Every structure is written in C-alpha cells, then in structure tokens.
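The values are calculated or read from the model by the stated rules, or taken from the named source; none is laboratory data. For clarity, every value in this text was computed on a predicted model and none was experimentally measured. Cβ coordinates were reconstructed from backbone atoms using ideal geometry, including for glycine residues, and neighbour counts include every protein chain displayed. Areas reflect the complete protein model, heavy atoms only, side chains present, ligands, DNA and RNA absent. Shrake-Rupley method; radii C 1.70, N 1.55, O 1.52, S 1.80 Å.
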Amino acid sequence: MGEGKKQKIRNGMFLLAAVLLLLVAVWLLTGWNPGRQNRKTLTVGVFSDSYWGVQNGYSYQILEDAINRFEEQNQGVQVEYVSGVTKEDYMEWLSEQILQGTAPDIFFLPQENVCEFAEAGALKDLTGMLQKSPDFDSTRYYTSALQAGMYNGEFYALPYECAPRLMFVNKTILEQEGIAMPDKD
C-alpha cells in the first residue's frame, strides 16, 4: 500500500474519530434535541501548534472538516473552536477553564494528562455510550492509542491523532544469524 493511500486512511480514521467525539459530546454536554429550533453552540478547545513542534498547514483541516460535517448533520448546532493558546500554555489554560467552570465542551488532552483529569472528575466516563453506539468500532483504532484514553478500565477520551512507532526488521540478516522473526504484535 502506498504512503499516500495510508495517509488517506489515517486522515479518514482521524476524521471519523473527531466526528464521533463531537456527536457524543453534543449529546452529553448540551442536552441537544433535534426537535428544538433554537441554535446551540458547542465549543472545542485546541492549542495553536502541533504536538511535534513543526509547522503543519493541514493541522486544522481535519477538525474543520469534522465540524462542517457535524453541523450539516445536526441542524441547529453551531460548533466553534477556541484556539490561539500555544501548546506550552495549553494545559495551564485548560486547567484554569475547568476550575472556573468555563471549559470547552470538548477539548484536546495529551495522553499523559488523561488519568489526572479523569481522577479529578473533569472528564466524563464514555464507556456506556461507546458500548451502545452503533457507530463506534474500536477496531478502527490502534489498540495503544485507544487505551491511552482509558482510566481504571473505562473510556474517558478517544484518540484524535497518534504517531505510531514502527519497527523495521531486516529478515535477511535475521535468517543469516539464525534469529527467529519477532511476533507481529
């Protein structure tokens, strides 16, 4: 499979995850009812640069696409994202927003902070909703990325973006040295 096709598949997975996360958040956090005529606003908190500290002209495109798709499917709901906060300042900003009761409805959370925020009660347990959702398919995620959003066996976050670590093996050298091929896991 070519690198371009792999990138398209990854982008599709990220878009699906973002749309699913938006759907769950609207249902949970806004009490949204499609029969209501008044417009509701759902906020998404993001930081302004990439996780890896490199420029990426496509960084907001997946989010923009997910927002547009979600708003088309959910008339009466407007999605806005709060940005402009740098990655270095984001966790302090987010913590302040949570303490003040003004946190975004959905927010990006680095893996290393999931347990801390779940333990503090700042995150909602999504397990039951994900189990009931016909649209949620855990096999569409890398196992380790999905597990990064778990705390005490429950889902509190879904992955938006991940950078898989890969191991490449020179089979010829392994065979020459009499070393068994590693398992595929």
*Please find, within the range 84-131, the residue that is nearest to Val46 (Cα to Cα) out of those that are assigned to a loop (DSSP other than H, G, I, E, B) and among the hydroxyl-bearing types (Ser, Thr, Tyr).*
Thr86
*Of all the residues that make up the range 132-163, how many are assigned to a loop (DSSP other than H, G, I, E, B), surrounded by fewer than 18 Cβ atoms within 10 Å (Cβ to Cβ) and touching a residue at least 60 places away in the same chain (Cβ under 8 Å)?*
4
*Scan the range 121-131 residue by residue and report those that are touching a Leu at 6+ places or on another chain (Cβ under 8 Å), within 21 Å of Ala103 (Cα to Cα) and surrounded by fewer than 17 Cβ atoms within 10 Å (Cβ to Cβ).*
Lys124
*Which condition does Met167 not pass, out of (1) open to solvent by 80 Å² or more (accessible area, probe 1.4 Å); (2) of a type in the set (A, V, I, L, M, F, W, C); (3) at pLDDT 90 or above, if it passes all the others?*
(3)
*Looking only at residues in the range 37-65 that are more than 17 Å from Val77 (Cα to Cα) and in a strand (DSSP E or B), which one is modelled with the lowest pLDDT?*
Phe47
